[in-house]
1. Out of residues 5 or more away from Tyr69 or on other chains, whose amide H comes under 5 Å of its own, with H placed 1.01 Å from N in the peptide plane?
2. Between Thr29 and Asp66, how many nm apart are label points set 7 Å from Cα along the C-beta direction?
3. Leaving out ligands, DNA and RNA, what percent of the accessible area of the chain is carbon and sulfur, probe 1.4 Å?
4. Keeping all protein chains in place, calculate the accessible area per residue for the chain (probe 1.4 angstrom), answer in Å².
5. Using the alpha-carbon centroid of each, what span in Å lies between segment 3-33 and segment 36-58?
6. What's the whole-number percent of alpha carbon pairs in the chain lying beyond 17 angstrom?
7. Which whole-number percent gives the relative contact order of the chain, counting Cα pairs below 8 Å spaced six or more residues apart?
8. In sequence order, what are the phi-derived ³J(HN,Hα) couplings for segment 59-64 according to the Karplus relation 6.51 cos²θ - 1.76 cosθ + 1.60 with θ = phi - 60°, rounded to whole Hz, with x for glycine and proline?
Amino acid sequence: MQTFDYHQLKQLREFLQWSLRDLMVKLSTMGLDVTEQTLLNWENGDTTPDADKIPHLAAVFGVGIDRFYK
């Protein structure tokens, strides 16, 4: 079973030099309303995004959804 690779989320965000707020705003424009705290929890591995949110994350970063699974 594949699990969410939370390290990828943080690495991609930091590579693009986006703050959590930047990512939150970009996701919001795509119809995914999440808080900065939620994003931080995902990045730290404290919580995992629902499977229906992964395509939004992939789209905002311009990568395939498989990038977020290990």
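1. Sorted by chain and number, the residues that satisfy this are Asp5.
2. About 2.9 nm, to one decimal.
3. Result for the chain: 49 percent of the exposed heavy-atom area is carbon or sulfur.
4. For the chain, the solvent-accessible area averages 62 Å² per residue.
5. 8 Å
6. Counting pairs separated by more than 17 Å, the tail of P(r) holds 32 percent.
7. For the chain, the relative contact order is 43 percent.
8. Working through the residues one at a time gives 5, 5, 8, x, 10, x Hz.
The values are calculated or read from the model by the stated rules, or taken from the named source; none is laboratory data. What you are looking at is a predicted structure, and each value in this text was computed from that prediction instead of being measured. As a convention, Cβ positions derive from the backbone with ideal geometry for all residues, glycine included, and neighbour counts pool all protein chains shown. The protein model used for the area step is the full one, side chains on, heavy atoms only, and it has no ligands, DNA or RNA in it. Shrake-Rupley method; radii C 1.70, N 1.55, O 1.52, S 1.80 Å.
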